[in-house]
Amino acid sequence: MRDDARDGERLQKVLARAGFGSRRANEDLIDAGRVTVNGDVAILGRRVDPARDRIEVDGIPVVVRDDLVYYLLNKPPHVMTTARDPEGRRTVLDLVPIEPRVFAIGRLDYDSEGLIVLTNDGDLAHRVAHPSSGVEKAYLAEVDGIPSRAALRALREGVELDDGPTAPARVRLQQTRGNTAALEIVIHEGRNRQVRRMCEAVGHPVRRLVRTRIGPVADRALAPGAWRPLSLAEVRSLYAAAGAGEPPE
């Protein structure tokens, strides 16, 4: 019999390290046929190489590779989301560890604030950013003027932009103050400066824009400019929100 280093690790051990509970709980997952390895339903005693084998529970990838990192950053205003800026402005990469090299999933424009995920997991990044994934992003927008019912309805049903109509969105008027209003806007598209353009299209330019949630991931306690690692449960929840199965083309 070959040694463990060549055979890999027992699947139950890998699942436990990924946060799926005790060995007994993981044996139950395998017995129930909920675990697959490279597309095949796993059996008890299966050994795997997490660096090469694709392990899924209920169709959602299990992340156990030690070389993958996931950061949740609360981007302050006046920071670029790109890896580098020709004008020398700060970027999100200046706010997280230098190594390993990571990249942002999606973008927030220079003036916008809020949550953004940075990772070196290209599979997750592709899934979350792909237009077909439908991963929700929630924003708090402070806008000029008080939107009428008609304006709110237009935002909810879709407005015409220069690159086509927007998909339906969830929009709620949270509060008004003087001649400004705060709107909660939840979209599942990822067009450039979409929320700003939507609000401007109905006559209410954005004064301040903060992303408060990415799919199921939120953190009200994370200070502007601060970051933290995503938990294994949060990584799994992002994979789940982006859809199980093979990544989109």
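The values are calculated or read from the model by the stated rules, or taken from the named source; none is laboratory data. Fair warning: this is a prediction, and the values are worked out from it, not measured in the lab. Keep in mind that these areas ignore ligands, DNA and RNA; they rest on the heavy atoms of the full protein, side chains included. Shrake-Rupley method; radii C 1.70, N 1.55, O 1.52, S 1.80 Å.
A few notes on this one:
- With protein chains left intact and a 1.4 Å probe, residues in the chain average 53 Å² of accessible area per residue.
- Semi-axes of the equivalent ellipsoid for segment 170-249, computed as √(5λ) from the eigenvalues of its C-alpha gyration tensor and ordered from largest down, come to 28, 18, 11 Å.
- Each 5 Å bin from zero up to the one holding the largest Cα-Cα distance in segment 120-167 carries the following percent of pairs: 4, 15, 15, 23, 17, 11, 9, 4, 2.
- Surface composition of the chain: carbon plus sulfur atoms hold 49% of the accessible area, using a 1.4 angstrom probe and ignoring ligands, DNA and RNA.
- Only protein heavy atoms count here; under a 1.4 Å probe, residue 111 has an accessible surface of about 70 Å².
- For segment 3-143, dividing the convex hull volume of the Cα atoms by the residue count gives 151 Å³ per residue.
- At full extension, residue 28 and residue 173 could sit 47.6 nm farther apart than now, given 0.36 nm per residue minus the alpha carbon distance.
- Note on the chain: Cα convex hull, mean projected area over all directions, 16.3 nm².
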